[in-house]
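**Student:** Have a look at the structure that comes next, please.
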Amino acid sequence: MFTPLGGHHLFDGDGMIHALTLGVGNKASYSCRYIRTSRLNQEAKLGRPMFPKPIGELHGHSGFARLGLFLARAAIGLVDHSQGTGVANAGLVYFNGRLLAMSEDDLPYNVKIKGTVI
């Protein structure tokens, strides 16, 4: 959602679902929405990125500094990592009647689809 402050890798991006619907006469309609992860909600509320990007930003001495800054922010309550820090950008699975957005480093997020839009 926000421009990265440090390095960036494609796998660090926030998860997004895209939908293409074909209507009457094959008229196409497109929509997309971010997965509302705990991380994304907190960063949106604060108006800037606060969580370190694991692949693009955590390298060398500056990576340790970024991680230390994040842990300090968590210690004073500026961010809450207890509800997850993942980006839910690795895939979707339909399981037990629920659509789940996943990433390798977090629990899955339940995606609710209302009507014909996501």
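Only the coordinates and a few stated rules stand behind these numbers; no lab work does. Since the structure is predicted, the reported quantities are computational estimates derived from the model, not experimental observations. Quick reminder, even Gly has a Cβ in these numbers, built from the backbone with ideal geometry, and neighbours come from all protein chains shown.
Residue-wise test of (1) surrounded by 17 or more Cβ atoms within 10 Å (Cβ to Cβ); (2) farther than 20 Å from Phe2 by Cα; (3) touching a Cys at 6+ places or on another chain (Cβ under 6 Å).
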site	(1), (2), (3)
Leu22	no, yes, no
Gly25	no, yes, no
Ala28	no, yes, no
Arg33	no, no, no
Asn41	no, no, no
Gly56	yes, no, no
His61	no, yes, no
Val87	yes, no, no
Arg98	no, yes, no
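Residues are listed down the side, and each one gets a yes or a no for (1) assigned to a strand (DSSP E or B); (2) under 18 Å from Ala90 (Cα atoms):
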| residue | (1), (2) |
| --- | --- |
| Asp14 | no, yes |
| Ser31 | yes, no |
| Arg36 | no, yes |
| Ala44 | no, no |
| Pro54 | no, yes |
| Phe64 | no, no |
| Gly68 | no, no |
| Ala74 | no, no |
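**Student:** Here's something else I'd like to know. Using the structure shown, decide if Ser82 is loosely packed, with under 14 Cβ neighbours inside 10 Å and in contact (Cβ under 8 Å) with a residue 40 or more places away in the chain.
**Tutor:** It is false that Ser82 is loosely packed, with under 14 Cβ neighbours inside 10 Å and in contact (Cβ under 8 Å) with a residue 40 or more places away in the chain.
**Student:** Within region 76-95, how many residues turn out to be part of a strand (DSSP E or B) and not aromatic (Phe, Trp, Tyr)? Please lay out each step first, then the result.
**Tutor:** Here is the first cut: in region 76-95, the ones part of a strand (DSSP E or B) are 91-95.
Checking the rest, the ones that are also not aromatic (Phe, Trp, Tyr) come to 91-93.
The qualifying residues number 3.
**Student:** Can you tell me which of Ala74, Ala88 is within 17 Å of Asn41 (Cβ to Cβ) and touching a Phe, Trp or Tyr at 6+ places or on another chain (Cβ under 7 Å)?
**Tutor:** On the way: Ala74 fails: touching a Phe, Trp or Tyr at 6+ places or on another chain (Cβ under 7 Å).
When all the criteria are applied, what remains is Ala88.
**Student:** Then there is this: Of the numbered conditions (1) hydrophobic (A, V, I, L, M, F, W, C); (2) surrounded by 14 or more Cβ atoms within 10 Å (Cβ to Cβ); (3) assigned to a loop (DSSP other than H, G, I, E, B), Phe2 fails exactly one; give the number of that condition.
**Tutor:** (2)
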